[in-house]
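Chemist: Have a look at this one before I ask anything.
The values are calculated or read from the model by the stated rules, or taken from the named source; none is laboratory data. What you are looking at is a predicted structure, and each value in this text was computed from that prediction instead of being measured. Cβ: placed from backbone, ideal geometry, glycine included. Neighbour counts: every protein chain shown. Keep in mind that these areas ignore ligands, DNA and RNA; they rest on the heavy atoms of the full protein, side chains included. Shrake-Rupley method; radii C 1.70, N 1.55, O 1.52, S 1.80 Å.
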Amino acid sequence: MLCTVQRVPEFTFEVLTDIMPTTNRKKQGRDTAVQGTNDSSVVSKVSAAALGYFQDVFLQHFVCKAARRAPLINRGYYVRWRAVDHCVRRFLHITDNCPKRQILSLGAGFDSAYFRLRADEALDRAVVFEVDFPDVTRRKAALISSDSTLRGMLDPHLPSCTGPVYVSSGQYRLLGVDVREESQVEEALSAAGLDWAAPTLILSEVVLTYMETKWSDAVISWTAKLLPQSLFVMYEQIHPLDPFGRIMQDHFQKLNSTLHALLQHPDTAAQRNRFLDKGWEQCVCLDMNDFYFGLVPEEERGRVESLEPFDEYEEWHQKCSHYFILTASRGALMTQALLSQAPVSSVPSICPSWSPTALSVRTVPVSMEGLGMASTSVSPGQVLLTGGSSRGGRGPATRTLLWGQKGWRSVSVEPSVDLGVRLYHTATSLPGGGVVVYGGRSSPLNPIRGLFRVTLDTRSAPVPLDSEDRDTVKLCVEQMDCTGEPPAPRWRHTTTAVSHKGKDFLIVFGGKNESEAALGDGYFLCPDQQHWTEIQVEGSAPAARHTHSACSYQGGVVVFGGLDRRGLPLGDTALLRPTDRGFSWERIEVQPPPVPRYSHSAHVIGEKLLVVGGVWLHSDGVPGVVMINLTTRSSVEFSLDTMSVPWPLMLHSFCSELTDSEEPELLLIGGGGNCFSFGTHFNLQPVTVDLRPALG
């Protein structure tokens, strides 16, 4: 039978806490906060399971009320579930012929693995031991006892429970012991029937990181010492010091659940060495991008990616680069259960050339934030910003940054026509004046159709544009009714000015929409005639992509980077050159190859393509600025010195413009993102980047 749990009266608990020493009260407070992470985690897993990311009909029995999480959260918990399940199934496969095998789950919380594996008939000759705080195990035991579905997965005749064992079934033991207390854990597990010589999988799913490092190191050591035939599986966070990592750390600190091991073991290499130093014989550690692209089959990735509308690629890749799955082995048999270090075959090995000089970054004292905006320079010292989203939500606000004697300042805009809600659109300056606003989306299911031409309304300007007294800019906005065959609606595309036979055109290239993961087509618009025009294009077009860059260059276009249909960042460079008949694509080989990236911005200065920011799969390769010499076809990477920026500078979903100042510099505006479950971060102010070292 299930053990009955005698509740301690509330007043007794309060008296006990009052007489605790201060250090114990603080420790108990931290422990309670850590236990709270279990509750939010299981709700997120239930959300993902309900939408078909993975199959688990038992999780729902551990929550009182289900809640649908955002697609980014669902994907994040899917890859976590998939990685752990991959390791568990591998262990069970390797030990299939063993007379006895065990799973020891540390800090198990409301994990449903036992019930799921038992239902799948995967636990032949296996016993699952779960260990967690007594308060957590009491709650879990009570839930199991009161739920007929869960209770039905246990043996009908259960032995009586003693000591810290709250549930004891033939293949399942639930123990309430503090994992940090080695002697108590060893004694309780021995009493519960753990065979220390049998092949054992030790599972730690975001558990050890909440302990002070001396305690988590001790757990890693004593498990290696006591279990000579074992596989340790751990899923935790890494990379604490980049912008995403700082936001992640701050989130857990606010929850009173500090991530202790991060600074001492900040990356996969350090975690691997940590286990080898603590008595484990072999260890493989992969960040979740490597796991997802290397060990999840392409067909399965396609299934998962089709479950919900999704447009948070930057945050998805950053989340995956800040978590890892690790397997460490003791004993010859367990070596076979280690993760295979499957390379992401489609991602080349990158060995960029790094300059020893970092580019200086300075904040601009103007309050302006936004994600997915589009910017363009409409006149010297005037930058027009359209669309995007901010703390106030998605809005049609159009703003202008003006340069004056006192520096940059923000000025409100009065458009004659509302441009509507749009993100990830383009705003492109025309050679003859004016701006064309095209594409974008209001949501991942709602692309924006139609084009607008925007011009400054100088007739009504009472003061010069560069006057410090000017507080408003008027815009004339006209919808363009274009003839010809238009492109399919899209966002995350580029729109770039080109020239053909003395006439100006715009080329729309790439992007994505609600039905296509990436587009590879190109369309030419003659803005004067408001006509979509067919122009002959020769050569092999670049791979379909979105969130790339495309800059005007010698009458044509230079395209760099982006995200391909598989969701992998690209690092290629392609030129669309004008010819007598039209245009011709040419791929150029840059040496050394730049770090692949997307969600960056780019500008051409002379024969140099400057690419700034963006997202790459690995946190230790977060892009700064790469200078690509289009003549010599060489590249140099520059890191950014952001010491003077008092907040994390996240350079994706931002926009940038070259300034007209005497010193060459870039003005970076907006940017940030939804940092998984840690909150949305906005860059609070524009910043400038000193380009002099990059331009020589």
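Chemist: Across segment 591-605, what is the number of residues that are part of a loop (DSSP other than H, G, I, E, B), free of Cβ contacts under 8 Å to residues at least 60 places away in the same chain and either more than 22 Å from VAL498 (Cβ to Cβ) or open to solvent by 30 Å² or more (accessible area, probe 1.4 Å) (or both)?
Modeler: 1
Chemist: Another one. Residue pairs, Cβ under 8 Å, 6 or more apart or interchain, first in segment 270-293 and within 14 Å of ARG80 (Cβ to Cβ) and open to solvent by less than 10 Å² (accessible area, probe 1.4 Å), second among the β-branched types (Val, Ile, Thr) and assigned to a strand (DSSP E or B). List them.
Modeler: What qualifies is MET288/ILE325; PHE291/ILE325.
Chemist: Identify the single condition in (1) modelled with pLDDT of 95 or more; (2) open to solvent by 10 Å² or more (accessible area, probe 1.4 Å); (3) under 37 Å from the mean Cα position of the chain (by Cα) that LEU175 does not satisfy, given that it satisfies every other one.
Modeler: It is condition (2) that LEU175 fails.
Chemist: Among the charged types (D, E, K, R), open to solvent by 40 Å² or more (accessible area, probe 1.4 Å) and at pLDDT 95 or above: does that describe ASP124? So that I can check it myself, show each step before the final result.
Modeler: Values: among the charged types (D, E, K, R): yes; open to solvent by 40 Å² or more (accessible area, probe 1.4 Å): yes; at pLDDT 95 or above: yes.
Answer is yes for this residue.
Chemist: Sticking with this one: Sort out which residues of segment 109-129 are in contact (Cβ under 8 Å) with a residue 40 or more places away in the chain and either out of contact with any helix residue (DSSP H, G or I) (no Cβ under 8 Å at 6 or more places or on another chain) or of a type in the set (D, E, K, R) (or both), and write them in order of number.
Modeler: Within segment 109-129, ASP111, TYR114, ARG116, ARG118, ALA119, VAL127 qualify.
Chemist: Only one of (1) open to solvent by less than 40 Å² (accessible area, probe 1.4 Å); (2) over 25 Å from the mean Cα position of the chain (by Cα); (3) modelled with pLDDT under 90; (4) among the small types (Gly, Ala, Ser) is not met by SER355, so which one is it?
Modeler: (3)
Chemist: Would you point out the residue of segment 617-632, among those that are open to solvent by less than 30 Å² (accessible area, probe 1.4 Å) and hydrophobic (A, V, I, L, M, F, W, C), that is farthest from LEU262 (Cα to Cα)?
Modeler: Filtering first and then ranking leaves LEU630.
Chemist: Report yes if PRO199 is out of contact with any Ser or Thr (no Cβ under 8 Å at 6 or more places or on another chain) and either open to solvent by 40 Å² or more (accessible area, probe 1.4 Å) or not aromatic (Phe, Trp, Tyr) (or both), otherwise no.
Modeler: So PRO199 does not fit the description; no.
Chemist: So for segment 525-544 (the condition being touching a residue at least 12 places away in the same chain (Cβ under 8 Å), under 26 Å from the mean Cα position of the chain (by Cα), within 30 Å of PRO240 (Cβ to Cβ) and open to solvent by 10 Å² or more (accessible area, probe 1.4 Å)), does at least one residue qualify?
Modeler: Scanning segment 525-544 turns up no residue that is touching a residue at least 12 places away in the same chain (Cβ under 8 Å), under 26 Å from the mean Cα position of the chain (by Cα), within 30 Å of PRO240 (Cβ to Cβ) and open to solvent by 10 Å² or more (accessible area, probe 1.4 Å).
Conditions (1) in a strand (DSSP E or B); (2) at pLDDT below 95; (3) not charged (D, E, K, R), marked per residue:
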| residue | (1), (2), (3) |
| --- | --- |
| ALA543 | no, no, yes |
| SER552 | yes, no, yes |
| VAL557 | yes, no, yes |
| PHE560 | yes, no, yes |
| ARG565 | no, no, no |
| ALA574 | yes, no, yes |
| ARG577 | yes, no, no |
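Chemist: Here is a follow-up. Of all residues being under 25 Å from the mean Cα position of the chain (by Cα) and either within 16 Å of CYS526 (Cα to Cα) or assigned to a strand (DSSP E or B) (or both) in segment 427-444, which is modelled with the highest pLDDT? Just the residue, please.
Modeler: Taking segment 427-444 as the starting set, the residues that turn out to be under 25 Å from the mean Cα position of the chain (by Cα) are 439-444.
Now restrict to residues that are either within 16 Å of CYS526 (Cα to Cα) or assigned to a strand (DSSP E or B) (or both): 441-443.
Values: ARG441: 96, SER442: 93, SER443: 93.
This residue is ARG441.
Chemist: Find all pairs meeting these conditions: Cβ atoms under 6 angstrom apart; at least six residues apart or on different chains; first residue within segment 195-216 and part of a helix (DSSP H, G or I); second residue open to solvent by 20 Å² or more (accessible area, probe 1.4 Å) and among the β-branched types (Val, Ile, Thr).
Modeler: Listed pairs, sorted by first residue: TYR210/VAL34.
Chemist: Looking at segment 221-247, which of the residues that are among the hydrophobic types (A, V, I, L, M, F, W, C) and surrounded by fewer than 23 Cβ atoms within 10 Å (Cβ to Cβ) is farthest from HIS322 (Cα to Cα)?
Modeler: Looking only at segment 221-247, we keep the residues that are among the hydrophobic types (A, V, I, L, M, F, W, C), and these are 222, 224, 226-227, 231-234, 238, 241, 244, 247.
Next cut, surrounded by fewer than 23 Cβ atoms within 10 Å (Cβ to Cβ) only: 222, 224, 226, 241, 247.
Working: TRP222: 27, ALA224: 26, LEU226: 31, LEU241: 11, ILE247: 11 Å.
Looking at residues that are among the hydrophobic types (A, V, I, L, M, F, W, C) and surrounded by fewer than 23 Cβ atoms within 10 Å (Cβ to Cβ), I get LEU226.
Chemist: Checking ALA261 against (1) in a helix (DSSP H, G or I); (2) crowded, with 20+ Cβ neighbours inside 10 Å, only one condition comes out false. Which one?
Modeler: For ALA261, the failing item is (1).
Chemist: Have a look at LEU326, LEU339, LEU307 and point out the one that is open to solvent by less than 50 Å² (accessible area, probe 1.4 Å), touching a residue at least 60 places away in the same chain (Cβ under 8 Å), in a loop (DSSP other than H, G, I, E, B) and of a type in the set (A, V, I, L, M).
Modeler: Just a single option satisfies the conditions, and that option is LEU339.
Chemist: Any chance segment 671-694 includes a residue that's buried (at least 16 other Cβ atoms within 10 Å of the Cβ) and under 19 Å from GLY561 (Cα atoms)?
Modeler: The answer is yes; a qualifying residue exists.
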